Structures are given as structure tokens and as C-alpha cells.
Amino acid sequence: AQKITQTQPGMFVQEKEAVTLDCTYDTSDPSYGLFWYKQPSSGEMIFLIYQGSYDQQNATEGRYSLNFQKARKSANLVISASQLGDSAMYFCAMREGPISGAGSYQLTFGKGTKLSVIP
Amino acid sequence: ETGVTQTPRHLVMGMTNKKSLKCEQHLGHNAMYWYKQSAKKPLELMFVYNFKEQTENNSVPSRFSPECPNSSHLFLHLHTLQPEDSALYLCASSQDRATRSEGYTFGSGTRLTVV
């Protein structure tokens, strides 16, 4: 079973409108973290926002917010006031295990959603 | 400059060639990773290094050989590749002791084409 599911292969949004990108996850670990990354055509993965499993409030970073619904195991990314530069692939990822500690850790990624912003 | 630099950006190689991908980070991170990104597939973790020691080999074929001479540099040596190995190869690094809410820092990737 997939640990991260992004059901929208592609999305279109009008410039200046808001858009929601879906992400559901599957884990039995009570401690986990959820990430969203943006990948423009240049290839680099850019970190956008993080939500910890114990965080009481939804994360926000500028125009990005994360709609975290723990019981539904969903972590949707909301982009407000879309800009042309937001056109890119967006990936949801999960880290299973505690937030702090020594050593490396693995991120599991979804297949991504291609967002196209229309002028 | 992202902090994680990958070279070359593009590589075309024949199936009998030997080539190497290079990754360098100046962020003081101690963990480094190789991921493979193929079209329409999730990113696949290949190798993980922590303090220069390999801690994960995700059932990667032996035609891919990683090397981590120090915490700042990571290589992926390639030999006798197959056309299905064509993909974007992404290097990433992370802090090992800081809060893990920072995630990884990625490089821009090497676009590999095997002909």
C-alpha cells in the first residue's frame, strides 16, 4: 500500500485564485511529520511547509497553509492568491518517527501533482 | 546557490560507459541521500549516508555504486547502465541532530539519459 497518495495528477488554477492540492497518508506510527515540496522545471525540490503529527494548529508559511485533518489522515496544501511562478510539480512527503534524534531519516514521497497557473 | 550542488546537470551515456555523479553540500549536514526520480513514479530512495557511513541501500542494483569520502561530498558511480535507468537523480542532505521539521535540502539534480 502506498504511504503517500496524491490523487490529482494535474490541476489548473486561475491567477490570484486559491487552490488546494490533496494528500493522504498511511502510517501506524504516532509520531510523524508531513512535508510539501515544490519542484519547478529546473528540477530542484524546494521545501514549502511542515506539519508535525502533534502540532495542534495547522501550519502556515506565507501564502502556503496546510489543512491537517489527523483523523482522516490528510494533509492538503492550500496556496492562496496563485501566481504564475507557482506553476510546478508539488510533492507531499512523510517522515515516520520522532521529530528529534540522531542520525539520518527517510522521507517517503507521493507521485506529485502538476499545478498550472493560468493568466 | 541552494547549498547542495550537483554536477553535471545533464549526462548522456552509453550502456558500456562509466561515469560519476557528484554532490556537494556546504550546510554542515551529516546525512546525505541519493534519490531516483522517474517519470510518473514517486521519488525512490537509493542510498543513505550518515557521517560518511552507508546506513541504507534500498535494493539498488550493483551497477550503481555510491561513495561518501566525507560528510560534504557524495558520489554515485555508474557503469553498464540500462535505458530504464534514465531518470533525474537527486541528492539531498539533512541535519542529524536538529529538529527534523526542516526536511531535506535538495540539489537541482542530474538528468541522466542512457542510450
What are the pairs, 6+ residues apart or on separate chains, where a residue within region B:53-71 that is more than 14 Å from every other protein chain (Cβ to nearest Cβ) has its Cβ under 7 Å from a residue that is of a type in the set (Ser, Thr, Tyr) and surrounded by fewer than 17 Cβ atoms within 10 Å (Cβ to Cβ)?
-> B:Arg63/B:Thr80
Could you please let me know if B:Gly14 is surrounded by fewer than 15 Cβ atoms within 10 Å (Cβ to Cβ), among the small types (Gly, Ala, Ser) and touching a residue at least 12 places away in the same chain (Cβ under 8 Å)?
-> yes
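Name the single residue that is surrounded by the most Cβ atoms within 10 Å (Cβ to Cβ) among those in region B:80-105 being within 7 Å of another protein chain (Cβ to nearest Cβ) and modelled with pLDDT of 95 or more. Spell out how you get there, then give the answer.
Filtering region B:80-105 down to residues within 7 Å of another protein chain (Cβ to nearest Cβ) leaves B:88, B:90, B:94, B:96-97, B:99-101, B:103-104.
From what's left, modelled with pLDDT of 95 or more: B:88, B:90.
Working: B:Leu88: 17, B:Leu90: 25.
Here the residue is B:Leu90.
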Of the conditions (1) under 25 Å from A:Tyr90 (Cα atoms); (2) at pLDDT below 90; (3) in contact with a Cys (Cβ under 7 Å, 6 or more places away or on another chain), B:Lys52 fails just one. Which one is it?
-> (1)
Within region A:52-63, is there a residue that is out of contact with any Cys (no Cβ under 7 Å at 6 or more places or on another chain), under 18 Å from A:Thr113 (Cβ atoms), surrounded by 17 or more Cβ atoms within 10 Å (Cβ to Cβ) and within 14 Å of another protein chain (Cβ to nearest Cβ)?
-> no
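Table: residues versus (1) within 19 Å of B:Phe106 (Cβ to Cβ); (2) not polar (S, T, N, Q).
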| residue | (1), (2) |
| --- | --- |
| A:Gln6 | yes, no |
| A:Gln14 | no, no |
| A:Ala18 | no, yes |
| A:Tyr25 | no, yes |
| A:Asp29 | no, yes |
| A:Tyr50 | yes, yes |
| A:Tyr54 | no, yes |
| A:Asn58 | no, no |
| A:Glu61 | yes, yes |
Give, as residue ranges, the strands (runs of 3 or more DSSP E) completely inside region A:19-105 that count at least 2 residues that are closer than 30 Å to B:Lys52 by Cα.
-> A:32-39, A:46-52, A:88-96
Lone unmet requirement of (1) more than 12 Å from the chain's Cα centre (by Cα); (2) at pLDDT 95 or above; (3) farther than 20 Å from A:Phe12 by Cα for A:Ser74 = (1)
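The values are calculated or read from the model by the stated rules, or taken from the named source; none is laboratory data. For clarity, every value in this text was computed on a predicted model and none was experimentally measured. No Cβ is skipped: glycine too gets one built from the backbone with ideal geometry, and neighbour counts run over all protein chains shown.
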